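Single-structure report; data block below.
The values are calculated or read from the model by the stated rules, or taken from the named source; none is laboratory data. All figures in this text were calculated on a predicted structure; none of them were measured in a lab. Quick reminder, even Gly has a Cβ in these numbers, built from the backbone with ideal geometry, and neighbours come from all protein chains shown. Each accessible area value is taken on the protein alone, full model and side chains, heavy atoms only, with ligands, DNA and RNA left out. Shrake-Rupley method; radii C 1.70, N 1.55, O 1.52, S 1.80 Å.
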Amino acid sequence: MKVNEIFLSVQGEGLSSGFPTIFVRFTGCNLRCSYCDTTYSYNDGVEMPPEDILKEIKKLHYKRVCLTGGEPLLQEDIEKLLKMLYDYTVTIETNGSVRLDSLDLSNRKYSFVMDMKTPSSGCSGEMVLENFKLLKSRDEIKFVIGDREDYEWSKNIILNHYKKGTITFSPVYNRIDYAKMVKWILDDRLDVRFQLQLHKFIWGPDVTGV
């Protein structure tokens, strides 16, 4: 497995926002989104077997782990690592373009945060909409919103494909008026979770390893 970084921080987004979390960021992604804030993970990293990754995780004491990237589902030994993390609370952040059932989903303990790429990302056509059928109530579907077109696209996806999980609308940092986006949500009576990326307000948008 190719690992870009392993670090301890607080989760900056999603349902566990604010909780201490161990992040394992893998190298490599099959998409090139316009608003990507982790371009440094495209190529840079170190090859590590799952056993060594687990050793590094254990050094950080907490039992909450986020597997992110890049795209973690592209890692060959992801199933092996997940089995090793059986007594951890694990979240997999995936970009929506890889089939979730590339993993064995039977009796899974981990949860997904599936990031549906909106039109302003340039990658909305790569989304695997069949993944919606595989989500559980504990999973999360995240839409990163950069403009009104993204918002309307996301609303349409929800109305036509949403099955289970928590829906999150997250504005692109410093690109869209946050209050205006909240008004859109309330005017349309959408039952979605609005979120800001906590880590960018604590450390700034360009800091890595946090």
query: With respect to SER41, is the statement that it is open to solvent by less than 40 Å² (accessible area, probe 1.4 Å), farther than 20 Å from SER121 by Cβ, small (Gly, Ala, Ser) and modelled with pLDDT under 95 true?
result: no
task: Hey, could you check segment 68-92 for residues that are part of a loop (DSSP other than H, G, I, E, B) and charged (D, E, K, R) and say which is surrounded by the most Cβ atoms within 10 Å (Cβ to Cβ)?
output: GLU71
- request: Count, please, the residues in segment 1-24 that happen to be out of contact with any helix residue (DSSP H, G or I) (no Cβ under 6 Å at 6 or more places or on another chain) and either without any contact (Cβ under 8 Å) to a residue 40 or more places away in the chain or not in a strand (DSSP E or B) (or both).
  value: 8
Sole exception among (1) over 22 Å from ARG108 (Cβ atoms); (2) of a type in the set (Ser, Thr, Tyr); (3) in contact with a strand residue (DSSP E or B) (Cβ under 9 Å, 6 or more places away or on another chain) for THR39, by number: (3)
- request: Return the pairs, sorted by first residue and then second, in which the second residue is part of a helix (DSSP H, G or I), the first residue lies in segment 137-153 and is farther than 18 Å from ARG189 by Cα, the beta carbons are less than 6 Å apart, and the residues are 6+ apart or on different chains.
  value: GLY146/SER120; ASP147/SER120
ASP52 being over 25 Å from GLY18 (Cα atoms), of a type in the set (D, E, K, R) and in a helix (DSSP H, G or I): yes
Conditions (1) in a loop (DSSP other than H, G, I, E, B); (2) surrounded by 19 or more Cβ atoms within 10 Å (Cβ to Cβ); number of the one not met by TYR62: (2)
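Just give me the residues in segment 42-71 being of a type in the set (Val, Ile, Thr) and under 21 Å from the mean Cα position of the chain (by Cα), in sequence order.
ILE53, ILE57, VAL65, THR68
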- prompt: Which one of these does LEU31 not meet: (1) surrounded by 16 or more Cβ atoms within 10 Å (Cβ to Cβ); (2) not in a loop (DSSP other than H, G, I, E, B)?
  reply: (2)
query: Does LEU196 satisfy the criteria of being under 24 Å from PHE7 (Cβ atoms) and touching a helix residue (DSSP H, G or I) at 6+ places or on another chain (Cβ under 9 Å)?
result: yes
